[in-house]
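Here you go, one structure.
The values are calculated or read from the model by the stated rules, or taken from the named source; none is laboratory data. Because the structure is predicted, anything quoted here is derived from the model rather than measured. Here Cβ is always computed from backbone atoms with ideal geometry, including for glycine, and neighbour counts include all displayed protein chains. The accessibility values were calculated without ligands, DNA or RNA, using every heavy atom of the protein model including side chains. Shrake-Rupley method; radii C 1.70, N 1.55, O 1.52, S 1.80 Å.
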Amino acid sequence: MPAARTLWYTRCPLPTASGVAIERGLLDAAFAPLGIAVQSLNASLDHQVREAHFDHGQPGLFRQGGMIPPIWSRARGADTLVIATGWIDEYQAVIALPDSGIRDGGDLRGRRLGVPCRPGEQIDYWRAMCLRGYHSALQLAGLAPTDVEFVALPIHEGQIPTGGASQRGSLWHGAPRARRQSREALALARGEVDAIYTASPAGAQLTAFLGAQVVVDIGAAPSPALRSNNQVPTILTVDGRLARTQPDLVVRYLAALFDAADWARAQPSGAAAILSEDVGTTKEWLVAAHGDDVAARLAPVLDPTHIQAVAAQKDFLLGLGLLEKDFDLQAWIAPEFIEAAAATRGSHATA
């Protein structure tokens with residue numbers, strides 16, 4: 001494989017060390033001395049390149065964010081490795097309108113729960129995320145999935161938005177991001193369903209906007225297993241071929257994320273501004289959904305509890321029939337890179 005001259009990154013609209021490293025210029029500073037450019041998938045207007053956020057098909061790609069698409073792409077044979085994880089709890093809830101008579105999880109028995117679905121997408125991660133949230137909520141309420149009715153809510157807008165290119169910009173911005181749960185919210189308001197799942201700062205804001213009743217507060221569940229979903233924990237994956245042929249670049253990338261996390265911990269107000277922009281919310285809703293210490297929890301790790309959560313997510317997707325085949329999870333995990341990066345912490349920091 002020729003030496004990489006361009007590295008690519010993508011991140012979900014979540015609090016990540018990647019978002020801080022990108023905005024602070026830490027990735028540029030780390031790779032510029034090597035003559036290597038680092039750019040967002042959003043720098044390309046090619047839809048296939050942008051789809052790499054889901055299928056990891058772009059060579060030299062680092063992806064940090066939700067774990068459903070990387071699990072799905074690995075099951076399809078994508079050559080990737082998991083090099084780090086991170087756990088930042090978020091607001092997750094099943095909500096209903098105040099006049100629905102639904103006050104707690106037990107009231108969901110026999111009710112209609114909205115499930116958004118995008119039939120034309122490669123991987124319908126949001127449908128899977130909603131279903132996982134419902135399963136956790138029902139378990140907390142002592143109910144089974146057979147005790148409720150799942151109502152499909154078709155959506156015909158693609159998950160990867162089109163639009164102008166930006167060197168550093170996220171794939172998600174503006175109207176597409178704002179519309180993520182518009183179908184479910186309208187179905188709830190129109191009486192097509194009785195309750196919906198929601199999550200993240202946008203979910204907390206949607207709950208407040210609707211004046212909705214929080215029926216099950218999944219994000220407050222005492223069990224990490226029940227709080228786990230697509231976005232909790234997050235995982236950082238990398239192009240496997242790049243990792244095998246140029247492992248030093250993977251270590252350098254992770255070292256920059258460590259530096260970003262250190263800066264965020266020391267500068268929580270500045271970090272909150274960056275994270276709010278990346279997530280697409282205000283600081284108020286960032287804190288409401290993720291806690292006031294969110295800036296202190298960005299450092300990449302490879303925690304066994306996180307790996308167990310990834311395994312549980314994989315098994316859930318297999319049970320839904322969303323994966324083409326099972327795969328060896330342990331063979332997907334590559335701890336050597338984060339171990340090497342931890343030993344070089346601070347070497348690529350900028351002022």
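Test each condition in (1) modelled with pLDDT under 95; (2) under 19 Å from the mean Cα position of the chain (by Cα); (3) over 16 Å from Val279 (Cα atoms) for Asn42 and report the one that comes out false.
Asn42 satisfies all of (1) modelled with pLDDT under 95; (2) under 19 Å from the mean Cα position of the chain (by Cα); (3) over 16 Å from Val279 (Cα atoms) except (3).
Follow-up question, since we're still on this one. Restricting to the stretch 189-209, give me the number of residues that are part of a helix (DSSP H, G or I) and not β-branched (Val, Ile, Thr).
Looking only at the stretch 189-209, we keep the residues that are part of a helix (DSSP H, G or I), and these are 189-190, 200-209.
Now restrict to residues that are not β-branched (Val, Ile, Thr): 189-190, 200-206, 208-209.
Residues flagged as part of a helix (DSSP H, G or I) and not β-branched (Val, Ile, Thr) within the stretch 189-209 amount to 11.
Check the stretch 253-271 and report whether any residue there is touching a residue at least 12 places away in the same chain (Cβ under 8 Å), touching a helix residue (DSSP H, G or I) at 6+ places or on another chain (Cβ under 7 Å), among the charged types (D, E, K, R) and under 28 Å from Gly25 (Cα atoms).
Yes, there is a match, as at least one residue in the stretch 253-271 is touching a residue at least 12 places away in the same chain (Cβ under 8 Å), touching a helix residue (DSSP H, G or I) at 6+ places or on another chain (Cβ under 7 Å), among the charged types (D, E, K, R) and under 28 Å from Gly25 (Cα atoms).
Take residues that are of a type in the set (S, T, N, Q) and modelled with pLDDT of 95 or more and tell me which of the helices (runs of 4 or more DSSP H) falling wholly in the stretch 284-351 contain 3 or more. So that I can check it myself, show each step before the final result.
Working: elements: 304-320, 329-332, 336-342.
The helices (runs of 4 or more DSSP H) meeting that bar are 304-320.
Would you please name the residue that is farthest from the chain's Cα centre (by Cα), looking only at residues in the stretch 209-250 that are polar (S, T, N, Q) and under 24 Å from Pro304 (Cβ atoms)? Walk me through how you get there before you give the answer.
Applying the first criterion (polar (S, T, N, Q)) to the stretch 209-250 yields 213, 223, 228-231, 234, 237, 245-246.
From what is left, the residues that are under 24 Å from Pro304 (Cβ atoms) are 223, 228-231, 234, 237.
On the way: Ser223: 20, Ser228: 11, Asn229: 9, Asn230: 6, Gln231: 4, Thr234: 6, Thr237: 12 Å.
Among those residues, the one meeting the criterion is Ser223.
Condition check: under 30 Å from Asp194 (Cβ atoms), open to solvent by 50 Å² or more (accessible area, probe 1.4 Å) and charged (D, E, K, R). Does Glu284 satisfy that?
Yes: the conditions hold for Glu284.
In addition: Counting just the residues of the stretch 31-56 that are hydrophobic (A, V, I, L, M, F, W, C) and in contact with a Ser or Thr (Cβ under 9 Å, 6 or more places away or on another chain), which one comes out nearest to Ala271 (Cα to Cα)? Walk me through how you get there before you give the answer.
Step one: filter the stretch 31-56 for residues hydrophobic (A, V, I, L, M, F, W, C), giving 31-32, 34, 36-38, 41, 43, 45, 49, 52, 54.
Next, only the ones that are in contact with a Ser or Thr (Cβ under 9 Å, 6 or more places away or on another chain) stay: 36-38, 41, 43, 45, 52, 54.
Working: Ile36: 26, Ala37: 24, Val38: 21, Leu41: 23, Ala43: 24, Leu45: 29, Ala52: 27, Phe54: 27 Å.
This residue is Val38.
Note down all Cβ pairs under 7 Å where the first residue falls in the stretch 323-344 and is within 13 Å of Val238 (Cβ to Cβ) and free of Cβ contacts under 8 Å to residues at least 60 places away in the same chain, the second is open to solvent by 60 Å² or more (accessible area, probe 1.4 Å) and of a type in the set (Phe, Trp, Tyr), and they're at least six residues apart or on different chains.
Close Cβ pairs (under 7 Å, with a partner that is open to solvent by 60 Å² or more (accessible area, probe 1.4 Å) and of a type in the set (Phe, Trp, Tyr)) do not exist here.
Taking the stretch 86-142 as the search range and keeping residues that are of a type in the set (Phe, Trp, Tyr) and open to solvent by less than 10 Å² (accessible area, probe 1.4 Å), which one is farthest from Gly19 (Cα to Cα)?
Tyr134
Just to be sure before I move on: is Val251 modelled with pLDDT of 95 or more and either in contact with a Ser or Thr (Cβ under 8 Å, 6 or more places away or on another chain) or open to solvent by 60 Å² or more (accessible area, probe 1.4 Å) (or both) in the structure I sent?
Yes: the conditions hold for Val251.
Just to be sure before I move on: is Pro33 in contact with a Phe, Trp or Tyr (Cβ under 7 Å, 6 or more places away or on another chain) and not hydroxyl-bearing (Ser, Thr, Tyr) in the structure I sent? Even if it seems obvious, please write down each step before you answer.
Details: in contact with a Phe, Trp or Tyr (Cβ under 7 Å, 6 or more places away or on another chain): no; not hydroxyl-bearing (Ser, Thr, Tyr): yes.
The answer is no for Pro33.
Looking at the stretch 213-251, which of its residues are more than 30 Å from Leu61 (Cβ to Cβ) and in a loop (DSSP other than H, G, I, E, B)?
Ala221, Pro222, Ser223
Looking at the stretch 72-84 only, could you name the residues that are touching an Asp or Glu at 6+ places or on another chain (Cβ under 6 Å) and crowded, with 17+ Cβ neighbours inside 10 Å? Working first, answer last.
Looking only at the stretch 72-84, we keep the residues that are touching an Asp or Glu at 6+ places or on another chain (Cβ under 6 Å), and these are 73, 75-76.
Within the stretch 72-84, Ser73, Ala75 meet the criteria.
Is it true that Ala261 is surrounded by 22 or more Cβ atoms within 10 Å (Cβ to Cβ) and at pLDDT 95 or above?
Values: surrounded by 22 or more Cβ atoms within 10 Å (Cβ to Cβ): yes; at pLDDT 95 or above: yes.
Spelling it out, Ala261 is indeed surrounded by 22 or more Cβ atoms within 10 Å (Cβ to Cβ) and at pLDDT 95 or above.
Need pairs with beta-carbon distance below 8 Å; first residue at negative phi and modelled with pLDDT under 95 and within the stretch 208-222, second assigned to a strand (DSSP E or B) and open to solvent by less than 20 Å² (accessible area, probe 1.4 Å); sequence gap 6+ or separate chains.
none
Can you tell me how many residues within the stretch 4-48 are in contact (Cβ under 8 Å) with a residue 60 or more places away in the chain, open to solvent by 30 Å² or more (accessible area, probe 1.4 Å) and of a type outside the set (A, V, I, L, M)?
So the count comes out to 5.
For the stretch 168-204, which positions are modelled with pLDDT of 95 or more, more than 22 Å from Gln64 (Cα to Cα) and buried (at least 16 other Cβ atoms within 10 Å of the Cβ)?
Glu184, Ala185, Ala187, Leu188, Val193, Asp194, Ala195, Ile196, Tyr197, Ala204, listed by residue number.
Can I ask one more? Is it the case that some residue within the stretch 312-319 is among the small types (Gly, Ala, Ser), touching a residue at least 12 places away in the same chain (Cβ under 8 Å) and surrounded by 18 or more Cβ atoms within 10 Å (Cβ to Cβ)?
No, the stretch 312-319 contains no residue that is among the small types (Gly, Ala, Ser), touching a residue at least 12 places away in the same chain (Cβ under 8 Å) and surrounded by 18 or more Cβ atoms within 10 Å (Cβ to Cβ).
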